[in-house]
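Below: the structure, in structure tokens.
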Amino acid sequence: MTYLNDGGPLMYPLLILLIIILLLITKGFFKNNDKKKLISTISTLGLFSMVFGFFVQIIGFMGALDSIVMAGDISPSVLAEGLIISYFAPLFGIVIFFISQIGKIALTWTIKAS
């Protein structure tokens, strides 16, 4: 949970998107109706998660740079720590994208198998 809190309040929509994607993947394995639409939705939500992660990072950069301008001078270690924290949202978005693509591949295999 600390990564979610450190990444900022916009990390929680990414967590909600992950939960939705996992629920849709699970639904795809247990329900056999209209899997192609479900696969498309999972793929779209995964891509949106990745883009949203980078969007959150840009918003964080803007806030951080504004704070640096106001402070005037900061140490390199503080800047490095801020850069590390700024990568939490894009990394989480990319992980969600990978999970959605793995689910998409698995559901596509179940279509071809039946």
key: Full-extension gain in nm, Ser77 to Ile105, via 0.36 nm per residue minus C-alpha separation   = 5.9 nm
query = Rounded to the nearest 500 deg cm²/dmol, what is the calculated helix-only ellipticity per residue at 222 nm for the chain, with -39500 (n - 2.57) per DSSP H run of length n ≥ 4?
reply = -30000 deg cm²/dmol
remark   = In the chain, helical segments from DSSP H whose Cα atoms cover 30 Å or more along their own axis and that average at least -0.5 on the Kyte-Doolittle scale are 35-71, 88-113
task = Keeping to pairs on different chains or 8 or more places apart, tell me how many lysine pairs in the chain have Cα atoms under 12 Å apart.
result = 6
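Any read-out appearing in this document is the output of simple, stated calculations on the displayed coordinates, not a laboratory observation. As the structure is a prediction and not an experimental result, all values here were calculated from the model.
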